[in-house]
1. Going by the conditions given, is Arg179 out of contact with any His (no Cβ under 7 Å at 6 or more places or on another chain), of a type in the set (Lys, Arg) and open to solvent by less than 50 Å² (accessible area, probe 1.4 Å)?
2. Looking at the structure I just gave you, is Asn193 under 30 Å from Asp54 (Cα atoms) and not assigned by TED's automatic domain parsing to the domain that holds Ile89?
3. Mind counting the residues in the range 254-302 that are under 20 Å from Asp244 (Cβ atoms), aliphatic (A, V, I, L, M) and within 30 Å of the chain's Cα centre (by Cα)?
4. Within the range 77-178, which helices (runs of 4 or more DSSP H) (wholly inside it) include 3 or more residues that are under 30 Å from Ser65 (Cβ atoms)?
5. Looking only at the range 69-119, which residues are within 16 Å of ligand 2 (Cβ to nearest atom), hydrophobic (A, V, I, L, M, F, W, C) and in contact with a strand residue (DSSP E or B) (Cβ under 9 Å, 6 or more places away or on another chain)?
6. Please work out which one of (1) open to solvent by less than 90 Å² (accessible area, probe 1.4 Å); (2) without any contact (Cβ under 8 Å) to a residue 24 or more places away in the chain is the condition Glu259 fails and give its number.
7. Helices (runs of 4 or more DSSP H) wholly in the range 1-72 with at least 3 residues that are under 18 Å from Glu91 (Cβ atoms) - which ones?
Amino acid sequence: MSRTISTVTIVGAGYMGGGIAQSLALAGRKVEIVDVDVQASLTGLERLLAEAQDFEDQGLYEPGSTEKIRGNLAAGRTLAEAVADVDFIEEAVFERPDVKRDVLAQICAHARPDAIIGTNTSTIPVHVLAPAVTNPERFLTVHFSNPAPFIPGVELVAGEATTQDVIDAVKDLLASAGREGAQVADTPGMVLNRLQYALLKEATSVVEEGVATVEDVDTIVRTTFGFRLGFFGPFAIADQAGLDVYENCFRTFEEAFGERLATPAMISEAVAADRKGVKNGKGLTGDFDEATKDALIAYRNKAYSRMGELLRELGPAPKADPQG
Ligand SMILES: NC(=O)C1=CN([C@@H]2O[C@H](COP(=O)(O)OP(=O)(O)OC[C@H]3O[C@@H](n4cnc5c(N)ncnc54)[C@H](O)[C@@H]3O)[C@@H](O)[C@H]2O)C=CC1
Ligand SMILES: O=C(O)[C@@H](O)C(=O)[C@H](O)[C@@H](O)CO
């Protein structure tokens with residue numbers, strides 16, 4: 001049975017909860033925000049409306065967005081009142097299992113038994129939080145990224161009990177809000193932060209070893225593979241570079257860093273099977289006929305060229321004082 005989410009309550013009206021609330025209100029849902037008390041909720045509402053107006057004035061939101069959000073976003077009730085009769089409740093409180101479990105229990109005590117409950121956790125597995133949720137078939141991770149109004153990706157994690165109609169209802173909600181979601185398995189850090197923190201961990205090692213400065217690492221990342229990551233994920237990039245090339249590069253890494261950076265079996269097995277990527281039409285992401293190859297390369301070149309224009313138009317980002 002398909003389900004529709006029309007009404008939403010966000011518990012935790014901070015940086016993420018506020019941005020999620022703005023986004024879903026802009027997408028036409030009736031949204032209420034709740035924080036530690038009624039005054040904090042009302043203060044959050046004021047902040048969000050002022051921020052929306054600022055975004056609209058800067059041309060970051062379409063004209064009329066603030067009024068649309070004003071008409072769809074509310075605050076001023078207690079948690080018990082605000083979750084009592086809504087289709088979807090998103091928890092976005094502190095990244096602490098104890099705090100989340102307490103809030104989830106409060107939500108369950110007052111929400112409809114069929115209300116879908118999501119958590120915006122960055123790293124905590126669903127199975128760690130699910131014991132706090134009654135009817136866990138309606139519970140999942142709905143992980144927006146910062147800043148929520150502008151980052152399109154949302155990571156979904158289902159628990160053992162989560163039912164497909166719940167997942168589908170949330171996917172429909174995200175699609176209506178212009179979000180692109182992917183569902184991943186229930187593990188610590190899921191995919192987004194497991195990869196994001198692995199990169200940061202390696203980047204800190206590069207700096208600690210004196211290989212490069214913080215500023216130079218950030219420059220290299222944002223002007224090379226980071227530039228590409230806005231359009232293609234790591235497997236698509238490897239396919240475009242050539243899996244045989246990657247296999248040779250991994251040999252250098254394995255000699256220098258050992259097992260930690262040894263050639264992944266996925267790469268060596270692909271090359272052994274004559275799957276070298278876009279170059280011979282067979283890669284990690286699938287097979288490419290000539291037409292797809294040509295279209296992909298044309299898309300890539302256009303995307304990178306337009307991205308370069310955007311970056312030149314924006315100019316460099318304001319920087320902190322590195323000596324500060
Ligand atoms: N900051 C980020 O870049 C991202 C954070 N997240 C996750 O989103 C969640 C929220 O993070 P932020 O918005 O950055 O934190 P935040 O500190 O800005 O907001 C948390 C809000 O929850 C409220 N809160 C705390 N206990 C509460 C309770 N018992 N009842 C009601 N409200 C309560 C706080 O008053 C605060 O307004 C965390 O799980 C975090 O890991 C996810 C993606 C990005
Ligand atoms: O990168 C993001 O926006 C999110 O994936 C996050 O979860 C947070 O940045 C997290 O790493 C810190 O709260």
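1. It is true that Arg179 is out of contact with any His (no Cβ under 7 Å at 6 or more places or on another chain), of a type in the set (Lys, Arg) and open to solvent by less than 50 Å² (accessible area, probe 1.4 Å).
2. Yes; evaluated as a whole, the condition is true for this residue.
3. 10
4. 79-83, 164-176
5. Ala92, Val93
6. Status for Glu259: all satisfied but (1).
7. Here the list reads 15-26, 38-57.
Here's the yes/no breakdown for (1) open to solvent by less than 20 Å² (accessible area, probe 1.4 Å); (2) within 16 Å of ligand 2 (Cβ to nearest atom):
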{"residue": "Thr134", "(1), (2)": "no, no"}
{"residue": "Asn146", "(1), (2)": "no, yes"}
{"residue": "Phe150", "(1), (2)": "no, yes"}
{"residue": "Glu155", "(1), (2)": "yes, yes"}
{"residue": "Asp168", "(1), (2)": "no, no"}
{"residue": "Asp172", "(1), (2)": "no, no"}
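The values are calculated or read from the model by the stated rules, or taken from the named source; none is laboratory data. These numbers come from a predicted model, not from an experiment. Counting neighbours? That spans all protein chains shown, and the Cβs are built from the backbone with ideal geometry, glycine included. What goes into the accessible areas is simple: the full protein's heavy atoms, side chains included, and nothing from ligands, DNA or RNA. Shrake-Rupley method; radii C 1.70, N 1.55, O 1.52, S 1.80 Å.
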